[in-house]
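Okay, structure first, notes after.
The values are calculated or read from the model by the stated rules, or taken from the named source; none is laboratory data. Nothing here was measured: the structure is a model prediction, and the numbers come from that model. Note: ideal-geometry Cβ built from the backbone for every residue, glycine included; neighbour counts use all protein chains shown. What goes into the accessible areas is simple: the full protein's heavy atoms, side chains included, and nothing from ligands, DNA or RNA. Shrake-Rupley method; radii C 1.70, N 1.55, O 1.52, S 1.80 Å.
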Amino acid sequence: QVQLVESGGGLVQPGGSLRLSCAASGITFSGNPMGWYRQAPGKQRELVAIITSGGVANYADSVKGRFTISRDNAKNTVHLQMASLKPEDTAVYYCYARTAFVNYWGQGTQVTVSS
């Protein structure tokens, strides 16, 4: 059974930082893209960042310069370092990975940016 398990969400003040982690099990994603999406209340799920197996990263314009995605292929993990957080970053963040035929999602972790 394939599982993506996120950790690291929580409540943080504006301007603060958080690090999200996602551990995959049941399948090795070392040769496939992994990433993070988010969904705010009343909004559609949107791509935050994605990273290829070779480490090439792409970011949503709204998070460029503030978020950094990384992965450890040996550990089958992907991370999202978030800095200079804003209230509009508040959302449920989902880990994502895909093979040639199937998309996989984690259960989501809540990130709330509020004073």
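Applying a threshold of 7 Å to beta carbon distances and a minimum spacing of six or more residues, or different chains, the list of pairs starting in region 92-115 at a residue that is on the phi > 0 side of the Ramachandran plot and ending at one that is surrounded by 14 or more Cβ atoms within 10 Å (Cβ to Cβ) reads Gly108/Glu6; Gly108/Val92; Gly108/Tyr93; Gly108/Tyr94. Of the residues that make up region 27-48, is at least one of a type outside the set (Lys, Arg), closer than 19 Å to Gly8 by Cβ, more than 12 Å from the chain's Cα centre (by Cα) and assigned to a loop (DSSP other than H, G, I, E, B)? Yes, the conditions are met somewhere in region 27-48. Is it true that some residue in region 77-92 is more than 17 Å from Leu20 (Cα to Cα) and in a loop (DSSP other than H, G, I, E, B)? The answer is no; no qualifying residue exists. Looking only at residues of region 63-72 that are open to solvent by 60 Å² or more (accessible area, probe 1.4 Å) and not in a strand (DSSP E or B), we find that the one that is farthest from Leu4 (Cα to Cα) is Gly65. When Leu47, Leu4 are screened for being open to solvent by less than 60 Å² (accessible area, probe 1.4 Å) and at negative phi, only Leu4 passes. When region 98-115 is filtered for residues that are part of a strand (DSSP E or B), within 15 Å of Arg45 (Cα to Cα) and not polar (S, T, N, Q), the ones remaining, listed by number, are Tyr104, Trp105, Val111. Residues in region 17-32 that are open to solvent by 20 Å² or more (accessible area, probe 1.4 Å) and either at pLDDT 95 or above or of a type in the set (Val, Ile, Thr) (or both): Ser17, Leu18, Arg19, Ser21, Ala23, Ile27, Thr28.
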